[in-house]
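The values are calculated or read from the model by the stated rules, or taken from the named source; none is laboratory data. Note that the structure is a prediction, hence the values are computed from the model and not measured. So basically every Cβ, Gly included, is an ideal-geometry build from the backbone, and we count neighbours across all protein chains shown.
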Amino acid sequence: MHPPQRLGRAQRGLENVMPPLNLMYLASSLQKAGHQAAILDLYAEPRSGAAALEAMLAFKPDLAGFATYPGGLDEAYALVKDLKAAAPRVFVALGGLYASYLPETALSQCPADAAVLGEGEAALAELAGALEKKEELSGVAGLCLRKGSETVRTTPREFLPDIDALPWPAYELINFDAYRLPPTRSVTGGRVASVLSARGCNFNCSFCSHHYGYFCRVRSRKPEDVVAEMRHVSEKYGVKEFRFEDCTFTAEPERTKKICALLQERLPGIAWNCDVRADTASDALFAALRAAGCRRVFLGVETGSQKMLGELGANKDIRLDQVRNAVKLAKKHGLRLNCSFVLGLPGETRETALESLAFALELDPDYAMFSVLMPVVGSRIFDQAVKEGKIDPVTYRGGHYLSTYSDPKGVVEMSGLGAAELVELMRSFNKKFYSRPAYLLRRLAGVRSLAEIKNLGWGALHIFAK
């Protein structure tokens, strides 16, 4: 089950609502092991608590799994309580980042029976088999089990060495019409799907949790299998556009170029977008992306201060001149470009924040997004905040990066700037970037459909409402 998140109407219109690959991989692994599976995605298709419980009970599950995201924890816990009250014999497992990083804390807040730690495909399939055979669960590696009033961790589970061995995600279990790319990434307006070509991240940025559980180790799929999956999904479900969910799709440029060559050969005309790193950008790489159907790239700039980027807040190991080069190449090859900036990293001052605004105006991407830092469970900044007494792991809910607009009280102050000042800077920077006459004329000149006009309206409502 994918829990819902509370977002305002304008925020919801801007949100990235994509198929839950994590649940789809778990479902296909259960199916491969001989079990029936279903997916309830309350984020894409919200329902009332009563309707959600009715849907869960209708499947008559023996095992129910709940994903844990900081922005939807309370909603997930409430659904666990409802399910356990209505069907106490159903075994309930929590999974995802929060339950993996803080399993004891998660289990203390709801009546779930276990947490699955880290990659869940093998562990969940073994758990389902053990429950079916009524075997002792302590023999299943990678769990945190409830034992009366206490919790016990089983033996840690090793990495899955070959992710090509996993079955493709269970696409047949989702409603494709419920998903969409955000206005800043959508190109075709048609059906969309996610695809993952590698797991893990090579890097260790202080504000990010993608390295957690992987220890900066990346495992990549064979390019041929990635493209075969995309072709299957496109042909069977009418998908016109893909998003690569890799932390950094261009981390291994030669492999990326191989995928591009195969897409150009075997799936011509498909549109897609991906995340890129500035230090991997090259003329040949960006030319390959464009030729293979890539239309938009996302670049995490984070800050316009070189000092902040390196030694203080981000530890991102990127130079501003590399960012400039990546932006130049994206524009040269006709790739729409999204750049993100984070305000409030450790060491941030009003002066370094203003450097970020100045850098965004200099780069002049198609879209720039300024957001206030929200420490992510599993990141080094989260650990720092806990150590400094700024976060209580039991009560911390984090939140969605868009939610700062409606709830600045949730901001955790990790720099010398206060929460109110950070939110004021975020709002003013976004307004200054998007209210430039030359920018507005360029955006309006590029409008090709009523859908694009609607998307521009959602963006304006979100940015200029306050």
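Does any residue of the range 223-244 turn out to be of a type in the set (Ser, Thr, Tyr), surrounded by 18 or more Cβ atoms within 10 Å (Cβ to Cβ) and assigned to a loop (DSSP other than H, G, I, E, B)? For the range 223-244, residues of a type in the set (Ser, Thr, Tyr), surrounded by 18 or more Cβ atoms within 10 Å (Cβ to Cβ) and assigned to a loop (DSSP other than H, G, I, E, B): absent.
Just checking, does the range 123-132 include any residue being over 18 Å from residue 22 (Cα atoms) and of a type outside the set (Gly, Ala, Ser)? Among the residues of the range 123-132, at least one is over 18 Å from residue 22 (Cα atoms) and of a type outside the set (Gly, Ala, Ser), which makes the answer yes.
The set of residues in the range 315-346 being more than 23 Å from the chain's Cα centre (by Cα), over 24 Å from residue 182 (Cβ atoms) and surrounded by fewer than 17 Cβ atoms within 10 Å (Cβ to Cβ) consists of 319, 321, 322, 324, 325, 328, 332. Return a yes/no flag: does the range 205-220 have any residue that is part of a loop (DSSP other than H, G, I, E, B), in contact with an Asp or Glu (Cβ under 9 Å, 6 or more places away or on another chain), crowded, with 20+ Cβ neighbours inside 10 Å and modelled with pLDDT of 95 or more. There is no residue in the range 205-220 that is part of a loop (DSSP other than H, G, I, E, B), in contact with an Asp or Glu (Cβ under 9 Å, 6 or more places away or on another chain), crowded, with 20+ Cβ neighbours inside 10 Å and modelled with pLDDT of 95 or more. Among the residues in the range 87-97, are any modelled with pLDDT under 95, farther than 14 Å from residue 124 by Cα and assigned by TED's automatic domain parsing to the domain that holds residue 144? Within the range 87-97, one or more residues are modelled with pLDDT under 95, farther than 14 Å from residue 124 by Cα and assigned by TED's automatic domain parsing to the domain that holds residue 144. One residue stands out in the range 253-273 among those that are touching a Ser or Thr at 6+ places or on another chain (Cβ under 8 Å) and in a helix (DSSP H, G or I): the one that is farthest from residue 196 (Cα to Cα), namely 253. Filtering the range 112-127 to residues that are in contact with a strand residue (DSSP E or B) (Cβ under 7 Å, 6 or more places away or on another chain) and farther than 15 Å from residue 154 by Cβ leaves only 112.
Of all residues assigned to the range 297-304, at least one qualifies as being farther than 30 Å from residue 230 by Cβ and not polar (S, T, N, Q). Selection of first residues in the range 318-339 that are in the same structural domain as residue 286 (by TED's automatic domain parsing) and in a helix (DSSP H, G or I) and of second residues that are of a type in the set (Asp, Glu) and surrounded by 15 or more Cβ atoms within 10 Å (Cβ to Cβ), restricted to Cβ pairs under 7 Å at least 6 apart or on distinct chains, gives the following pairs, ordered by first then second residue: 322/279. The residues in the range 347-376 that are within 23 Å of the chain's Cα centre (by Cα) and either of a type in the set (Phe, Trp, Tyr) or within 18 Å of residue 418 (Cβ to Cβ) (or both) can be counted, and the count is 7.
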